[in-house]
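First comes the structure, then the notes that go with it.
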There are 2 protein chains.
Amino acid sequence: MENLSKCQANYVPLTPLTFLKRAASVYANRTSIIYEGTRFTWRQTYERCRRLAYSLRSLNIVKNTVVSVLAPNVPATYEMHFAVPMAGAVLNTINSRLDSKNIATILRHSEAKVFFVDCEFVPLAREALKILIKDSPESSLVAAESSIPLVIVIDDVHCPTGVRLGELEYEQMIQMGNPRFEPGDIEDEWDPIALNYTSGTTSEPKGVVYSHRGAYLSTLSLILGWEMGSEPVYMWSLPMFHCNGWTFTWGVAARGGTNVCLRHTTAYDMYRNISLHKVTHMCCAPIIFNILLEAKPHERQQIPCPPVQILTGGAPPPATLLEKIEPLGFHVTHAYGLTEATGPALVCEWQSKWNDLPRHDQSKLKARQGVTILTLADVDVKDPETMVSVPRDGKSVGEIVLRGSSLMKGYFKDGNATGKAFKGGWFQTGDVGVIHPDGYLEIKDRSKDVIISGGENISSVEVESVLYKHPRVLEAAVVAMPHPRWGESPCAFVAVKKNRTGNIDDDVKEADIIAYCRKNLSHFMVPKKVEFLPELPKTSTGKIQKFQLRAVAKTFVVNESNLHQNKKRNKDHQPHEQLLSMSRL
Amino acid sequence: MENLSKCQANYVPLTPLTFLKRAASVYANRTSIIYEGTRFTWRQTYERCRRLAYSLRSLNIVKNTVVSVLAPNVPATYEMHFAVPMAGAVLNTINSRLDSKNIATILRHSEAKVFFVDCEFVPLAREALKILIKDSPESSLVAAESSIPLVIVIDDVHCPTGVRLGELEYEQMIQMGNPRFEPGDIEDEWDPIALNYTSGTTSEPKGVVYSHRGAYLSTLSLILGWEMGSEPVYMWSLPMFHCNGWTFTWGVAARGGTNVCLRHTTAYDMYRNISLHKVTHMCCAPIIFNILLEAKPHERQQIPCPPVQILTGGAPPPATLLEKIEPLGFHVTHAYGLTEATGPALVCEWQSKWNDLPRHDQSKLKARQGVTILTLADVDVKDPETMVSVPRDGKSVGEIVLRGSSLMKGYFKDGNATGKAFKGGWFQTGDVGVIHPDGYLEIKDRSKDVIISGGENISSVEVESVLYKHPRVLEAAVVAMPHPRWGESPCAFVAVKKNRTGNIDDDVKEADIIAYCRKNLSHFMVPKKVEFLPELPKTSTGKIQKFQLRAVAKTFVVNESNLHQNKKRNKDHQPHEQLLSMSRL
C-alpha cells in the first residue's frame, strides 16, 4: 500500500488558486466584485487575473519575486491575490497606515521588483521611494537602481483620477494581458504565496511568509469555523493587508460569493453598501463597531434581515460593546489569531446550550477566544519555562502555543527569529492565557510589547526607539492605555534630562514630545498621552518594570470629546484583572 | 523564502485523527454517539479509541497492517475509524451484503491480520473463514495459518447476545487498553488509512486505498459542500462501509456532532430515531427514500422542524422521487462520486435563484450531479479517444474525468489497474456526462448504460425517468437489446405497483407502457420491448443489477415485421454473477 506513488491525478498541490479557477467554472455568471458602479462576474475576474498574470510574466517577474501593493480594498487589490501568485510571484500587501519610512524599509527588505500603488497613496509612495533611493548604497548606481521597484499606479476603476507615478497603469496591464493565459500548476504547495510584514516586538518589521498549503488550509478552516455558507455577500471592512483579509480574499472565491469593495470604512459607506447589496458577512476589528454605533441618523440605513454576520478579532471585543452592536442587526463571532497563524487561529464557536443564558453572560462567553480552527493541529497553554501544559481550570496561566499546517513558513531572511518562534516544535505566540474546563481558551495578557490600537499592532519598542532619539529624553517606556475608541492607545512614560537653564518654563512639555513623535512615526503609533516621571521604576538588574507602568496606565481615562486626558483612579478595576488580552490580528 | 524549511510546528501531516483529538478537547462533554440505550461523550469516545489502539498494538499490529471489519452501523464500527489508524493500521470495512465467497476473497487479498465481526454476522464470517482456510495453499500449513486473521467478535453494546467466534470480544479489548495511550503523530500524510473494496465493473473486487491526506481533505470538502454546521445530529442510514460513510465517520467528529447509530434501516427505526433525537442530517442511496415513503402509518413519526438534510448519491435520484420525499420533512442534496474519489466528488450545490422556480423544475435541477467539491482540483468531460474537453453545451457527451488530492492512492496490489485508472493525469470514471452552460455536470449514463440505436445515443437514465413517472411503475431499468435494424434498441424491465382491484384485466400491459413512452420521449428512445418482473434484481447495496438484465436482453430477438419478441437463450451470454452494480458509491 505504501508503494502506491503520487501522480498528477491524485496529488495536486494545495493552493487557493484552485478556488478562482473553480469559481470561474461553476459560478461563472455570478457577481464576484461590486465596487460602486463597477461589477464583475467570476468569469471576468478570472480573465482579468489571467491577463494580469500574463503581463507580470512579460515584465520578467520570475518565481518567488516579490510584488508589493499599497492600496485600499479596491478590486485591484483583490485581483492581485490571485494574479500575483498565478505569475509565480509572492504578494506583499503593505499596511497603508504606515509612514513612508516604514514602507521604504519593507520595500528594501522584501526586494520587491514591482510596486503597485493606488492613486490615493501616490504621495506616500513617492516619499517612501525617495527614502529608498537616498538610503541605497551610493557606491554603486547600478545597485541603487536595481533596488528600486517598477511602479505601477492603480487608478480608481470606479472614478479615475489620472494621478500617475511613472508610466504604467493597472488597467493598461490588464488590457495588455492574455485572457487565455494558462499559468500551469504550482510545483510545490510549500512554495511561498504571500509575504506580510508585522511590527512584532522589535522595531524592525518581520516578514511573515505563507505557503500555498498554509493559505489553502487556513481558508477552508475559516469558512468552516465561521460557517460561511454559499453565495455570501462579503463586505470588505477589514483591510486586505491584514493577513490577506484573514484569508477571505481567497475564501469568498471558494464560496462563490460577492466581494463588496470599499475605499473607506466610513459609517455612511458601510451602511449604504450593507443595505444596497444585502451584505451577509463582514470582518473587522472592534473599532468598526464604534464607527457603526456612532453613525449619525442620516448616515444610517436599515440592516436587512437576517442579521449581518461579523467576524471580529484583532482585540477582544468588550462584552458591553457586543451587547450594543448586536441589537442593530449584527451577529458577532469572535476570533483570535496572529499574522504568523495566517489570521485567526481560534474561533469562539457558539454552543447551542448558551442560547438560553442572559445576554450579558452570552457576551462574556463570546468575548473568550475559543477553540482551534479545524486545520490547526493543536493549541496549548504551557508554562514557558518547563513547557508543561497548565491545568484546564480557567485559572492557571501560561503561554499560548500553536502547531499546525496553517502556520507561516517562517520569517523572511531571519533564521534566528524563525528558530526562536518555533522553538520546541510549537509556535510561541507570546500571549498569556488560560484554558477553561470546557476547552475554550481565554487570553489573560498579551505579549508584553505590542499595543493594539484600532486593530493595528504597535510595537512599543519602535515608539520607544523614537522617543530615545529626542534630545531631552533620558528614559522612555511605552505601554498600552485603555481608549474608548481605539481599544488601546500608546501611553509614554518619560524621564527627561535636566535642562541647563534650570528654568521650569524651558522644560519639555507633553505637546513637544507628541509633536516630535508625529514627525517620526506613523500617526497611529503616536502616544496619546505622555506622563513625566523623575525616574522609571526598575528591577534590581536595571530593567524597566513595565508591569508597574501598565498598572498605572490602566487607570488613565481618555476623554475623547476634547482629547483631554484625566487621570483618575478607578477603584473598581484592579489593574491585574483588567489586563486582558490583546489579540493580535 | 524557499529555504524556510518545514518543522514540527508548521508542517503537521494532515489526518482525520486530529478531528477526534480536537473533539475530545473542545466538545468533551457533548454526546458523540447514541445507540439505543447507550450514549458516549467525545471524551469517552476518545478514551475508548485510545484503549482499542493500545490493545491492537499489543496484538503486534504494526504499521500498514490491515484490520478488517464486518459489522453494521454500531458504535464499534465508528470507533474503529479512529482506533485502527491510531494503531498505525489500515481499516478495511467490508460490505455486509456480500456473500461469503466475496468476503473470503477480500480477506485473502487484503492479508488482514485482525477480523472484527459483529455478532449478527458470525454465521456469514464463519462461512467466509471456511472458504479462506480451504483455499489456502495446502502445501504449507504455516502459510495457511498465517493467512487466517485473528477474529474478534463485536457483541451488541446495547443488548449483548453472547455469540462468539473464537476467544476475543470487542469490549474486552477496550477494557484491556490504556485510556492515556499516546499514539504519536502520523509520519507521512501519504500513508494509508483505509482500504475499501469496490465491485467496480469487473468481476474481481479492487482494493481502493485512501491516504490520510485524501481522507482529511475529502472530509473537509463534504462538510463544506453540504454546509453541515456545528452540532449536527447525524443518523447512520448510510453504511459506514461505503467509502467510510462518505467520510462522515470523520466529519461528525470534525463538527462535534452526535452520531445516531442504527443496526437496521427499517422505516420504523429511522422515523423513531429521527423523532427521538431530533436528527438534522443523514446520507443515503435513493432506495432509502422508498423505504421512508412506503412506511405504514404506525411506523411513521412526525419529522421535527426544520427539515432533515439528506445527502443522496449512488444513483441519480429520479426527479419524481425528489418531489415526493421533500414534502415529508426532508431536504435533499444530490451528490455524485465513487469509491475511488473517497465518496462524493460532485455536489449539486443549490443556487438561490432557483428558489422561485416551480417545484418540478427544481427537482430536475437537483437531479443533476453538480459541481466539484472544494478539494477536488478539477473535473472535466472529455472525448475518451482524443482527451479533448467537450463543449459546455449540455449536449456533448464525453467521459467524466477527475483530478485532485482527495482521490485514492490507487488499487492495492494492482499496478496495472492503477496505471489505467490514472492514465493521462486524470482519473477516468468510466461514466458519461455533459457539462451544462452553467458549469453543472450531469451524468447521461454510467459507462455501460449508453444504448446506441441507429447511430443515436440513448441514455437509459433518461428513458427510466419517464417510466418512473408512469402511475403504475414501481421500479424500472432500461438496457440495450440487440436489434436487427438499429443495432441496439432500448429494452425496459418494469416492476409494477399492485393494482387495487386485484383484477388481472386491470393490469398494465406492454402496449400501455410503450404508448406512454411514445407520448413522452423522442420516438427512437422508446423501448422496443417491456418485460414485467415481480421485482428487479438488486445488489447488496440496493442498486439494480443491470448486468443481469443486459444478459437477459441479449437473448431477446426482435422480429421487426410484427414486433413480436421471442425469448431465446443465448449461451454465450451468461449473466456473470460477480458483475455488480454500476452506480459505484
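The values are calculated or read from the model by the stated rules, or taken from the named source; none is laboratory data. Remember, predicted model here, so these are calculated numbers, not experimental data. No Cβ is skipped: glycine too gets one built from the backbone with ideal geometry, and neighbour counts run over all protein chains shown. Calculation scope for accessible area: heavy atoms of the full protein, side chains included, ligands and nucleic acids excluded. Shrake-Rupley method; radii C 1.70, N 1.55, O 1.52, S 1.80 Å.
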Evaluation of B:Asp191 against (1) open to solvent by 10 Å² or more (accessible area, probe 1.4 Å); (2) modelled with pLDDT under 95 (one fails), failing number: (2)
What pairs come up if the first residue lies in the stretch A:99-120 and is at positive phi and in the same structural domain as A:Lys206 (by TED's automatic domain parsing), the second is open to solvent by 10 Å² or more (accessible area, probe 1.4 Å) and of a type outside the set (Val, Ile, Thr), and their beta carbons are under 8 Å apart, counting only those six or more places apart or on different chains? A:Glu111/A:Ser147
Mind listing whichever residues of the stretch A:148-164 are within 27 Å of the chain's Cα centre (by Cα), farther than 23 Å from A:Arg39 by Cα and in a loop (DSSP other than H, G, I, E, B)? A:Ile148, A:Pro149
Among residues of the stretch B:279-315, those that are under 25 Å from the mean Cα position of the chain (by Cα), surrounded by 16 or more Cβ atoms within 10 Å (Cβ to Cβ) and in a helix (DSSP H, G or I), counted: 6
Checking A:Gly394 against (1) within 12 Å of another protein chain (Cβ to nearest Cβ); (2) on the phi > 0 side of the Ramachandran plot, the condition it does not meet: (1)
Need pairs with beta-carbon distance below 7 Å; first residue at negative phi and within the stretch A:437-455, second modelled with pLDDT of 90 or more and open to solvent by 40 Å² or more (accessible area, probe 1.4 Å); sequence gap 6+ or separate chains. A:Pro437/A:Arg392; A:Pro437/A:Asp393
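Can you tell me how many residues in the stretch A:53-102 are farther than 16 Å from A:His242 by Cβ and of a type outside the set (Asp, Glu)? Reasoning before the result, please.
Filtering the stretch A:53-102 for residues farther than 16 Å from A:His242 by Cβ gives A:53-67, A:75-76, A:79, A:82-90, A:99-101.
With of a type outside the set (Asp, Glu) added as a condition, the list becomes A:53-67, A:75-76, A:82-90, A:100-101.
So the count comes out to 28.
Report yes if some residue within the stretch A:468-488 is at pLDDT below 80 and either part of a helix (DSSP H, G or I) or within 24 Å of the chain's Cα centre (by Cα) (or both); otherwise report no.
We begin by selecting, within the stretch A:468-488, every residue at pLDDT below 80; these are none.
The answer is no, given that none of the residues of the stretch A:468-488 is at pLDDT below 80 and either part of a helix (DSSP H, G or I) or within 24 Å of the chain's Cα centre (by Cα) (or both).
Quick one: which strands (runs of 3 or more DSSP E) sit completely within the stretch A:174-261 and have at least 1 residues that are within 28 Å of A:Ile154 (Cα to Cα), more than 19 Å from the chain's Cα centre (by Cα) and assigned by TED's automatic domain parsing to the domain that holds A:His158?
Numbers: elements: A:192-198, A:206-211, A:233-235, A:258-260.
In the stretch A:174-261, the matching strands (runs of 3 or more DSSP E) lie at A:233-235, A:258-260.
Which one is nearest to the other protein chains (Cβ to nearest Cβ) among residues in the stretch A:51-70 that are under 28 Å from the mean Cα position of the chain (by Cα) and surrounded by fewer than 24 Cβ atoms within 10 Å (Cβ to Cβ)? Full working, then the answer.
Within the stretch A:51-70, the first condition is being under 28 Å from the mean Cα position of the chain (by Cα), and the residues that meet it are A:52-53, A:56, A:61-70.
Among the residues that remain, those that are also surrounded by fewer than 24 Cβ atoms within 10 Å (Cβ to Cβ) are: A:61-65.
Numbers: A:Ile61: 14, A:Val62: 12, A:Lys63: 8, A:Asn64: 6, A:Thr65: 10 Å.
For the stretch A:51-70, the residue satisfying everything is A:Asn64.
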Which condition number does A:Ala215 fail, the rest of (1) more than 16 Å from A:Val12 (Cα to Cα); (2) at pLDDT 95 or above being met? (1)
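If I ask for residues that are within 14 Å of chain B (Cβ to nearest Cβ) and either touching a residue at least 60 places away in the same chain (Cβ under 8 Å) or over 18 Å from A:Ile310 (Cα atoms) (or both), which ones from the stretch A:337-350 would you list?
Kept after step one, since they are within 14 Å of chain B (Cβ to nearest Cβ), are these residues of the stretch A:337-350: A:338-342, A:345-350.
If the condition is that a residue be within 14 Å of chain B (Cβ to nearest Cβ) and either touching a residue at least 60 places away in the same chain (Cβ under 8 Å) or over 18 Å from A:Ile310 (Cα atoms) (or both), then A:Leu338, A:Thr339, A:Glu340, A:Ala341, A:Thr342, A:Ala345, A:Leu346, A:Val347, A:Cys348, A:Glu349 are the ones that fit.
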Do we have A:Glu462 as open to solvent by 10 Å² or more (accessible area, probe 1.4 Å) and part of a strand (DSSP E or B) here? no
Residue that is surrounded by the most Cβ atoms within 10 Å (Cβ to Cβ), among those in the stretch B:267-278 that are of a type outside the set (A, V, I, L, M) and in a helix (DSSP H, G or I): B:Asn273
Please indicate, with yes or no, whether at least one residue in the stretch B:422-436 is hydroxyl-bearing (Ser, Thr, Tyr), under 23 Å from B:Glu326 (Cα atoms) and either more than 9 Å from every other protein chain (Cβ to nearest Cβ) or in a helix (DSSP H, G or I) (or both). no
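Just to check your reading of the model, which residue among A:Val371, A:Val379, A:Val401 is facing chain B (nearest Cβ under 8 Å) and assigned to a strand (DSSP E or B)? If you could, list the steps in order and put the result at the bottom.
Values: A:Val379 fails: facing chain B (nearest Cβ under 8 Å); A:Val401 fails: facing chain B (nearest Cβ under 8 Å).
After applying the criteria, what remains is A:Val371.
In the stretch A:412-421, what residues are in contact (Cβ under 8 Å) with a residue 12 or more places away in the chain, more than 9 Å from chain B (Cβ to nearest Cβ) and open to solvent by 30 Å² or more (accessible area, probe 1.4 Å)? Spell out the reasoning first.
Of the stretch A:412-421, the ones in contact (Cβ under 8 Å) with a residue 12 or more places away in the chain are A:412-414, A:417, A:421.
When the remaining residues are screened for being more than 9 Å from chain B (Cβ to nearest Cβ), the result is A:414, A:417.
Of everything in the stretch A:412-421, just one residue is in contact (Cβ under 8 Å) with a residue 12 or more places away in the chain, more than 9 Å from chain B (Cβ to nearest Cβ) and open to solvent by 30 Å² or more (accessible area, probe 1.4 Å), namely A:Asp414.
Please find, within the stretch B:166-183, the residue that is modelled with the lowest pLDDT out of those that are among the hydrophobic types (A, V, I, L, M, F, W, C) and open to solvent by 30 Å² or more (accessible area, probe 1.4 Å). Before the answer, list the steps.
Filtering the stretch B:166-183 down to residues among the hydrophobic types (A, V, I, L, M, F, W, C) leaves B:168, B:173-174, B:176, B:181.
Pick out the ones that are also open to solvent by 30 Å² or more (accessible area, probe 1.4 Å) and you get B:168, B:176.
On the way: B:Leu168: 90, B:Met176: 95.
Per the stated criteria, the residue is B:Leu168.
Can you tell me which residue within the stretch A:500-534, out of those that are surrounded by 13 or more Cβ atoms within 10 Å (Cβ to Cβ) and part of a loop (DSSP other than H, G, I, E, B), is farthest from the chain's Cα centre (by Cα)? Break it down stepwise before answering.
Pass one, the stretch A:500-534, residues surrounded by 13 or more Cβ atoms within 10 Å (Cβ to Cβ): A:507-508, A:510, A:512-514, A:516-518, A:520-522, A:524-533.
If we keep only those that are part of a loop (DSSP other than H, G, I, E, B) too, we end up with A:507-508, A:521-522, A:526-528, A:533.
On the way: A:Asp507: 39, A:Val508: 35, A:Leu521: 18, A:Ser522: 16, A:Val526: 19, A:Pro527: 20, A:Lys528: 21, A:Leu533: 34 Å.
Step by step, filter the stretch A:500-534, then rank; the result is A:Asp507.
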Which condition number does A:His264 fail, the rest of (1) in contact with a Phe, Trp or Tyr (Cβ under 9 Å, 6 or more places away or on another chain); (2) in a loop (DSSP other than H, G, I, E, B); (3) farther than 26 Å from A:Val347 by Cα being met? (1)
Pairs, please: C-beta under 9 Å, at least 6 apart or cross-chain, first residue farther than 29 Å from B:Glu189 by Cβ and hydrophobic (A, V, I, L, M, F, W, C) and in the stretch A:387-411, second modelled with pLDDT of 90 or more and assigned to a loop (DSSP other than H, G, I, E, B)? A:Val397/A:Val390
When residues of the stretch B:327-360 are limited to those that are charged (D, E, K, R) and in contact with a helix residue (DSSP H, G or I) (Cβ under 8 Å, 6 or more places away or on another chain), the one least open to solvent (accessible area, probe 1.4 Å): B:Glu340
Could you please let me know if A:Val260 is away from chain B (no Cβ under 14 Å) and of a type in the set (A, V, I, L, M)? yes
Determine whether the stretch A:236-249 contains at least one residue that is open to solvent by 10 Å² or more (accessible area, probe 1.4 Å) and within 14 Å of chain B (Cβ to nearest Cβ). no
Taking into account only those residues within the stretch A:4-19 that are over 12 Å from B:Met408 (Cβ atoms) and either facing chain B (nearest Cβ under 7 Å) or free of Cβ contacts under 8 Å to residues at least 40 places away in the same chain (or both), which is surrounded by the most Cβ atoms within 10 Å (Cβ to Cβ)? A:Leu14
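Please find, among A:Tyr46, A:Tyr35, A:Tyr27, the residue that is surrounded by 24 or more Cβ atoms within 10 Å (Cβ to Cβ), in contact (Cβ under 8 Å) with a residue 60 or more places away in the chain and of a type in the set (Ser, Thr, Tyr). Walk me through it before giving the result.
Numbers: A:Tyr46 fails: in contact (Cβ under 8 Å) with a residue 60 or more places away in the chain; A:Tyr35 fails: surrounded by 24 or more Cβ atoms within 10 Å (Cβ to Cβ).
That would be A:Tyr27, the only listed residue that is surrounded by 24 or more Cβ atoms within 10 Å (Cβ to Cβ), in contact (Cβ under 8 Å) with a residue 60 or more places away in the chain and of a type in the set (Ser, Thr, Tyr).
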